[in-house]
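To start, the structure under review is shown below, and the notes come after it.
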Amino acid sequence: MTTELCFPAPGPAPGARLLGEIIAWACPGLAVPHAALVGALGASGLDPGVARELAPRHAFARACKKLSDRRIIRPVAEDPTTITFQFTHESRAGDRFEYVLETMLALDKRTGSVSCALPGLAALAQEELDRCIAVRTGSDVTRVIQKLFERQADLFPIRPSGGTYFVPHRHAAFTDRIQELLNRVGGRLLRFPVPAGTGEGDRSVTAAVAQGLAAVIAEHRTAVAQFGTDARPDTLARAAERIRATRFKVQAYAEYLAGERVELERALEAAGDELRARVEHLTGEPVPTA
């Protein structure tokens, strides 16, 4: 009988060059007060402005999830200050459902106050609405993180459904701040370093970065194709700026792209040509090369 010895796989050698890291975060069941999220952003060296106030109309849409037990809630009218909702009670009678008007509820879009003819329902709706305005969920925190990366770094999905990303090593300090933010609000960030020089690792990073940039370029081209005669000059100018910014990213991430860079640059050139042709068609005026 022989005994097989198992050794752990070696990690990156001391001083090894890192391509970046694979990250994923989790905020299951998270409920953090908006003020606490703003404070955590500032304390982590991040922009508190990304955690915007939740407008009453959007908070009420969330509140409806709890209020909709055995009732259907639908907006039926809106003016500059108020949205009116119809509450319809749903019940089953034998082999069919019956629907009876329960009440009409008015939401003040500016103050977030609600009113209806049923005091108990009005109190319940106001309580749930106030809670939704004051509290941010794990999904909200995820959107904040994605917006921060969009502004200051880059996330490259490593699977089509998202949730797990490659982050280039140059953004490690920024990722540290994201980790601090999550720690402060009760979330969790997982980080797995990716060293350079492993065949599958290098190929996987190239694929993730190239596919991420290709998706951005495809979005540019789709947006250009949809520009109509009502497209504003500043909209067209922003489209050109986004293409220039993406070209800069392709250059900045050249070390990750290997042979994929040429194809990406061709696609960017095509996007720029399409934008110029579109602008000339719409306005008769050429734009600077994008």
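The values are calculated or read from the model by the stated rules, or taken from the named source; none is laboratory data. The model shown is predicted, which means the values in this text are computed figures rather than measured ones. Note that each Cβ is placed from the backbone with ideal geometry, even for glycine, and that neighbours are counted across all protein chains shown. Only protein heavy atoms, including side chains, enter the accessible area calculation; ligands, DNA and RNA are left aside. Shrake-Rupley method; radii C 1.70, N 1.55, O 1.52, S 1.80 Å.
Using 0.36 nm per residue, how much length does the chain from Glu280 to Lys147 gain when fully extended, once their Cα-Cα distance is taken away?
Using 0.36 nm per residue and subtracting the Cα-Cα distance, I get 44.6 nm.
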Three-way shape label, region 178-290, alpha-carbon gyration tensor, a/c 1.5: oblate
Surrounding net charge for Asp154, when Lys and Arg each add one and Asp and Glu each subtract one, Cβ distance under 12 Å: +2
Prolate/oblate/rounded label for the chain (Cα gyration tensor, a/c 1.5): oblate
Mean accessible surface per residue for region 71-179, computed with a 1.4 Å probe while every protein chain stays in place, in Å²: 55
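What is region 137-225 by shape, rounded, prolate or oblate, if you read a ≥ b ≥ c off the alpha carbon gyration tensor as root eigenvalues and call it rounded for a/c under 1.5, prolate for a/b larger than b/c, and oblate otherwise?
Oblate, since a/c reaches 1.5 and b/c is not below a/b.
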Separation of alpha-carbon centers, region 62-124 and region 148-169, rounded to whole Å: 40
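Between Ala43 and Arg266, how high is the FRET efficiency from 1/(1 + (r/R0)^6) when r is the Cβ-Cβ distance and R₀ = 51 Å? Nearest 0.05.
The value I calculate is 0.70.
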For region 185-264 and region 12-58, distance of Cα centres in Å: 22
Segment Ala172-Arg191, extension gain: residue separation times 0.36 nm, minus the distance between their alpha carbons: 5.8 nm
Qualifying GluC sites (Glu not before Pro) in region 75-105, DSSP loop, other Cβ atoms within 10 Å at most 16: none
Estimated dipole of region 43-190 in Debye, rounded to 20 [Cβ of Lys and Arg +1, of Asp and Glu -1, Cα centre]: 400
Thr81-Gln226 pseudo-label distance in nm [points 7 Å out on the Cα-to-Cβ vector]: 3.6
